[in-house]
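Visitor: Sharing a structure here in structure tokens format.
The values are calculated or read from the model by the stated rules, or taken from the named source; none is laboratory data. Keep in mind that this is a model prediction, so the values were computed, not measured. Counting neighbours? That spans all protein chains shown, and the Cβs are built from the backbone with ideal geometry, glycine included.
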Amino acid sequence: MILSDSRILEEIKKGTIVIEPFDIKNLGSNSYDVHLGKYLAMYNATMLDARKHNTISHFEIPDDGYVLLPGYLYLGVTEEYTESHAHVPFLEGKSSTGRLGIDIHATAGKGDVGFCNAWTLEISCVQPVRVYAGMPIGQLIYFLTDGEILNKYNNKVGAKYNTRNTKPVESMMWKNEF
């Protein structure tokens with residue numbers, strides 16, 4: 001079951017959902033709009049290796065925007081820091097973003113109960129498109145859970161994305177054993 005706007009507000013008051021900064025105008029009927037932060041990043045190598053630490057370079061989006069090009073993976077970040085202590089957060093693109101040919105995540109749209117951070121976005125596009133810091137980029141949807149959560153993400157030993165960030169974070173796949 002997806003939380004409604006009134007239920008999202010109730011959960012924010014209880015502290016089980018945190019959105020910083022929060023602005024009521026970004027609250028939809030059953031979602032909350034998030035915005036593109038001021039930093040993007042790109043991998044330094046053209047060929048990535050899942051067993052190695054692939055480094056990235058960050059850059060700030062200029063006031064006049066930045067043109068995304070097809071064929072590249074850009075890492076972005078939401079302006080909003082979020083916490084979800086009792087619900088499963090899902091990040092989806094906004095239809096207006098999709099209609100510009102922008103995908104905001106390749107596979108990582110679901111968060112875990114206990115996720116406390118800004119969201120790193122895996123951005124790609126189908127044609128050149130200029131983006132701006134602060135533009136609406138996606139929406140968070142919150143699902144109810146069924147059953148007790150035994151191991152929240154923020155308490156999980158070995159959780160790879162627990163360090164609070166304001167810039168995009170590269171893949172930590174290399175920390176897995178395989």
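Visitor: If I ask for residues that are assigned to a loop (DSSP other than H, G, I, E, B) and more than 19 Å from SER57 (Cα to Cα), which ones from region 161-178 would you list?
Guide: Scanning region 161-178 gives ASN162, ASN176, GLU177, PHE178.
Visitor: If ILE149 satisfies all but one of (1) closer than 30 Å to ASP5 by Cα; (2) of a type in the set (Val, Ile, Thr); (3) not in a loop (DSSP other than H, G, I, E, B), what's the number of the condition it fails?
Guide: Of (1) closer than 30 Å to ASP5 by Cα; (2) of a type in the set (Val, Ile, Thr); (3) not in a loop (DSSP other than H, G, I, E, B), only one is false for ILE149: (3).
Visitor: Here are some conditions: (1) out of contact with any Gly (no Cβ under 9 Å at 6 or more places or on another chain); (2) at pLDDT 95 or above. ILE104 meets all but one. Which one does it not meet?
Guide: Against the list (1) out of contact with any Gly (no Cβ under 9 Å at 6 or more places or on another chain); (2) at pLDDT 95 or above, ILE104 comes up short only on (1).
Visitor: Here's something else I'd like to know. Answer yes if at least one residue in region 139-156 is surrounded by 13 or more Cβ atoms within 10 Å (Cβ to Cβ), touching a Gly at 6+ places or on another chain (Cβ under 9 Å), more than 27 Å from GLU11 (Cα to Cα) and in contact (Cβ under 8 Å) with a residue 24 or more places away in the chain, and no otherwise.
Guide: no
Visitor: Can you list the strands (runs of 3 or more DSSP E) lying wholly within region 14-110 that have 3 or more residues being of a type in the set (Val, Ile, Thr) and either surrounded by 14 or more Cβ atoms within 10 Å (Cβ to Cβ) or in contact with a Phe, Trp or Tyr (Cβ under 6 Å, 6 or more places away or on another chain) (or both)?
Guide: 17-20, 74-84
Visitor: I've got another one for you. Would you tally the residues in region 57-92 being closer than 27 Å to LYS14 by Cα, under 17 Å from the mean Cα position of the chain (by Cα) and of a type in the set (Gly, Ala, Ser)?
Guide: Residues meeting the conditions: 1.
Visitor: Given the criteria of a type outside the set (Lys, Arg), more than 19 Å from the chain's Cα centre (by Cα), part of a loop (DSSP other than H, G, I, E, B) and at positive phi, does GLY158 qualify?
Guide: yes
Visitor: Which residues, taken from region 119-165, are of a type in the set (S, T, N, Q), out of contact with any Asp or Glu (no Cβ under 7 Å at 6 or more places or on another chain) and within 25 Å of ASP49 (Cα to Cα)?
Guide: THR120, ASN162, THR163, ASN165
Visitor: Okay, moving on. Of the conditions (1) in contact with a Leu (Cβ under 6 Å, 6 or more places away or on another chain); (2) without any contact (Cβ under 8 Å) to a residue 12 or more places away in the chain; (3) among the aliphatic types (A, V, I, L, M), ALA45 satisfies every one except a single condition; which number is it?
Guide: It is condition (1) that ALA45 fails.
Visitor: Consider THR120 carefully, then state whether it is in a loop (DSSP other than H, G, I, E, B), without any contact (Cβ under 8 Å) to a residue 60 or more places away in the chain and closer than 20 Å to TYR43 by Cβ.
Guide: no
Visitor: Within region 111-123, work out how many residues are surrounded by fewer than 20 Cβ atoms within 10 Å (Cβ to Cβ) and either under 23 Å from ILE12 (Cβ atoms) or in contact with a Pro (Cβ under 6 Å, 6 or more places away or on another chain) (or both).
Guide: Number satisfying all stated conditions: 4.
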